[in-house]
Amino acid sequence: MKEDESIEKGNDFEKYVVSLFDDKYFSIVQWSTDITRKHDRFVESDAGPDLIVRYLPKDEIFCVECKFRSSLFESKLQWSDPQQLKRYQVFAREKRLPFFIVIGFGRDSSYPKRMFCMPLGEAKYPALYPSVFEKFERKPGKPFFWKNGVLK
């Protein structure tokens, strides 16, 4: 897949994920622009998650990293690289915020065939076997729900 196509799919999936947060209950505190896609320089703000979201009824903030993949690679879901995973872990620890990886899977990044929402702490490696992420499957198209520090 060409890099531009990959970026477009990622952007489409982020928009799709945001659409699942009902604005009566959630506000988007921050939506990263991934400026490094436009430049060769590392941009510190890109080390954080795609989204920082506020659950309005309880004023609770959490992070969401959106990843779209059309297929497995060597029987695993390659969702990150080791450096990026470490940056996410440091970000979550330093900010003391719950951090979730939302994964879309299939052909259409605007409406994935399958979806998963897993806590960062469960995504211990940059490539995950289905037995790890399938425990966190959710219905694509189902609005997100926040309760007791868990995004479902």
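The values are calculated or read from the model by the stated rules, or taken from the named source; none is laboratory data. This one's a predicted model, so the numbers in the text were calculated from it and none came from an experiment. Cβ: placed from backbone, ideal geometry, glycine included. Neighbour counts: every protein chain shown. Note: accessible area is taken over every heavy atom of the protein model, side chains too, but ligands, DNA and RNA are not part of it. Shrake-Rupley method; radii C 1.70, N 1.55, O 1.52, S 1.80 Å.
Please verify whether ARG54 is among the basic types (Lys, Arg) and modelled with pLDDT of 95 or more, treating the condition exactly as stated. In short, yes. The residues of the range 123-152 that are open to solvent by less than 100 Å² (accessible area, probe 1.4 Å), aromatic (Phe, Trp, Tyr) and under 19 Å from PHE13 (Cα atoms), listed by number, are PHE133, PHE136, PHE144. If you go through the range 122-152 and keep only what is small (Gly, Ala, Ser) and within 13 Å of the chain's Cα centre (by Cα), you end up with just ALA123. Using beta carbons and a limit of 8 Å, which pairs, at least six apart or on different chains, have the first residue in the range 19-30 and closer than 15 Å to GLU65 by Cα and open to solvent by less than 50 Å² (accessible area, probe 1.4 Å) and the second one modelled with pLDDT of 95 or more and in a loop (DSSP other than H, G, I, E, B)? Within 8 Å, the pairs are LEU20/LYS142; LEU20/PRO143; LEU20/PHE144; PHE21/PRO143; PHE21/PHE144. Residue pairs whose Cβ atoms lie under 6 Å apart, separated by 6 or more positions or on different chains, with the first residue in the range 126-152 and in a helix (DSSP H, G or I) and modelled with pLDDT of 95 or more and the second of a type outside the set (A, V, I, L, M, F, W, C) and open to solvent by less than 80 Å² (accessible area, probe 1.4 Å), do not occur. In the range 70-93, the residue that is least open to solvent (accessible area, probe 1.4 Å) out of those that are touching a Phe, Trp or Tyr at 6+ places or on another chain (Cβ under 9 Å) and assigned to a strand (DSSP E or B) is LEU77.
For (1) crowded, with 16+ Cβ neighbours inside 10 Å; (2) outside any helix (DSSP H, G or I); (3) modelled with pLDDT under 95, each residue gets a yes or a no:
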residue	(1), (2), (3)
ILE103	yes, yes, no
ASP108	no, yes, yes
CYS117	yes, yes, no
GLY121	no, no, no
